[in-house]
Amino acid sequence: MTEDTTLQRPRHDHHLEVVASNTFSGSYADLQTLHPPSERPNQSKDAPEGGYGWVCVAATFFINAHTWGVNSAYGVFLSFYLSDNTFQSTSALEYAFVSSLSIAIAMLVSPLATYMTHHLGVRLVVAMGTILEAGSFIATSFVHESWQLMLSQGICFGLGMGLIFVSSVGVISHWFDKRRSLVNGIAAGGSGIGGLIYSLAVATMIPRLGLPWAMRILGIICLVVNTIGGLLLRLPHRNNASHKQPPMRLGIFRNPAYLSLLAWGIMSSMGYVGLLFSLSSYGVAVGLSQHQASIASALLNLGQAFGRPLFGFISDALDRVSMAIAATLFTGVFCFVAWIFAHSMGVICFFAIVVGLTAGTMWAAAGPIASEVVGLSELHGALGFFWFSIGAPMAVAEPIAVQLRGGTTASKPYLRVQIFIGSMYIGAYLTDGNSIFHSSLEELHRRLSFGVVGTREGVVVSIGYQIPPETGFLFEIRRSWDFTPAQSLTTGQKEGGAVEFIEFLEGTLKPFISARLMEKRGLRPGREALFGHSHGGLFCLHTLFTRPNLFDCFLASSPSISWHEEFVLREEQTFVTAVADATARKPSLMLFVGGQESTAQRRREEPEEVFAKRKQGHESRNVVGRTIALYDRLKDCPRLEHVSLDVYEAEDHCTAIPCALTRSFARFLDEWY
């Protein structure tokens, strides 16, 4: 059997999403979308899993060290500017704005960089950025006015860094699948190493060589390293034809998961910038010397150098999403419980290295998570929009932190700064956890993602349809054909295809899962369950009553029992009265329904006649009453092993779905037998 016929029925163009996890701890981390060969953006075969990809990882590591790493040393520059009064009549706010401006420009230029990379290639765009970045350092060595500093170290440096970073950041994700978070963490760790080295180097060079020569040396080093790194970067051959698709597609903004990812990035980036550029000046404010403060800044970068690869390694082994949530929350809480009370050199250094392990999680997690949300084919565009969205917030983060500083006579001059930074990370955690990952069942096109229920091995398969994302629809009319039984009242092509759909499950899909996923991931064959909601619940009952041995358990949520004058109940009678195969294992049935499904609440500004019609429909279908009655008839059926019913009193037809999903999987995995 060829792979094409295994994955797709020609008539209905099914879209299969498969989650394989030994402990069900993975959500998007383990999700692979299976298409015909010509339509597989996320198949692991698109990622060579290493090879020349390791050269790209090393190149990206050194590029990050000489873009973001060098930029991290601005905390040392800032302390020098504030204490030395290098540029006359320049306020602390203006100095702070230089660093934020460079980062903001780097992010805001991302759509342009993405477009240029799409048409000109990675290497040429990296080369352009390298010239701008090196030129900014050389130019800064000759400036004497604050506005000149804004142009050189702010705007010009930001343009160069943005072109280099945006064009290179997505390359290694095309080379790896299983170790994608690890390699992104290693590459992102380059910024930590660079920040460590150049924070100490700048603190040493400025007193000995002066600010101008410190700038020129940095410019020459960045020119050489970034040029070599850019020449080494390339995409796998199968990805070089990316020009066939638009570089940035606005349709991804219809994806609620992607919007939540943007919100998480905005808040995380504000906390990150505030922490990165405030720690050194905080040390000086509490009595440390410039050299001691630079050591604290260097240790923060050291923590990032180790933390980002460690984050990637653990994320690949466990769950990229949960790790991002945990790291973000830890950073915010640690700012409150440790930084506020850090006044000595030892405590500040301890805080710097520990918080550095998780502070830059966004930089290591954005690429892998974005690739799972939108797919590899749209990764560059999605990251382009992502970096662009955090540009303005990053521009104002450090100026906000500077304005929040208290007077020099205050006992805790940075208290409001510390509260602001900690709050940004905790706010990012709440956005992350509540909107994108823990509520993903509703938001991500019904993709099954169970990170908290069940501890046994399993494979979860969802069957959907290829719906253009820009439509914003979750359901497709073809499901009415696949999920409804054939009966005499059906005359067209819109309903009655359940028998063919069962044949697809039994003859095509189940053998594919067994051969390609169970064996590949080393999972043991075990019990199988079928879940469906509404018409899907009707299909579950139809399959149970006509093919009871096809699955071990049937999970029917809010089944459409009223369909065609309760046609499925005729099948129930046949099932109950038939003689069971004594050698076959008895199946089990779980029923779920929302308590409000048979009643209707009037919606805000809903016309009376519309509400009356909708209310009549709810009452005529009587989903609650029919489901309870079905349970009462089947609970003692000798052909069934177990029968259960859960009624969620406060839920309606839509909101009952996540309740049924969570409860059904918890019970099936751990409680049923």
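Observations, loosely collected:
- Full extension of the chain segment joining ILE221 with ARG604 gains 131.5 nm, where the gain is 0.36 nm per residue of separation less the Cα-Cα distance.
- By other beta-carbon atoms within 10 Å, ranking ARG479, ARG604 with the fewest at the front produces ARG604, ARG479.
- Between ALA92 and LEU231, the C-beta separation translates, for a Förster distance of 30 Å, into a calculated FRET efficiency of about 0.15.
- Residue order, fewest to most beta carbons within 10 Å, for TYR414, TYR648: TYR648, TYR414
- For ALA338, no residue has an amide H sitting under 5 Å from its own, ignoring neighbours fewer than 5 places away on the same chain, with H placed 1.01 Å from N.
- Cα-Cα over 32 Å, subset of LYS615/LYS635; LYS178/LYS510; LYS613/LYS635: LYS613/LYS635
- Once the chain from LEU112 to ILE419 is taken as fully extended at 0.36 nm per residue, the excess over their C-alpha distance is 107.0 nm.
- Note on GLU649 and TYR52: the model spin-label points, each 7 Å out from Cα along the C-beta direction, lie 6.5 nm apart.
- With θ taken as phi - 60° and the Karplus curve 6.51 cos²θ - 1.76 cosθ + 1.60 applied, the whole-hertz 3J(HN,Hα) list for the range 353-366 is 6, 6, 5, x, 4, 10, 4, x, 4, 4, 5, 8, 8, 4 Hz, x standing for glycine and proline.
- Karplus 3J(HN,Hα) series, Hz, for the range 642-659 with 6.51 cos²θ - 1.76 cosθ + 1.60 (x for Gly, Pro): 9, 9, 9, 9, 10, 10, 9, 4, 8, 9, 9, 5, 8, 6, 6, 4, x, 4
- In terms of surrounding Cβ atoms within a 10 Å radius of their Cβ, ASP552, ASP84 rank from fewest to most as ASP84, ASP552.
- Spherically averaged projected area in nm², based on the convex hull that wraps the Cα atoms of the range 281-323: 3.7
- Nearest-0.05 FRET efficiency for PHE350 and LEU124, computed from C-beta distance (R0 45 Å): 0.50
- In this structure the amide hydrogen of TYR648, modeled in the peptide plane, comes within under 5 Å of the amide hydrogens of VAL593, GLY594, GLY595, none closer than 5 places in sequence on its chain.
Every number in this text was worked out from the coordinates using simple rules, so none of it is lab data. For clarity, every value in this text was computed on a predicted model and none was experimentally measured. With ideal geometry, Cβ positions are generated from the backbone for all residues, glycine too; neighbour counts draw on all protein chains shown.
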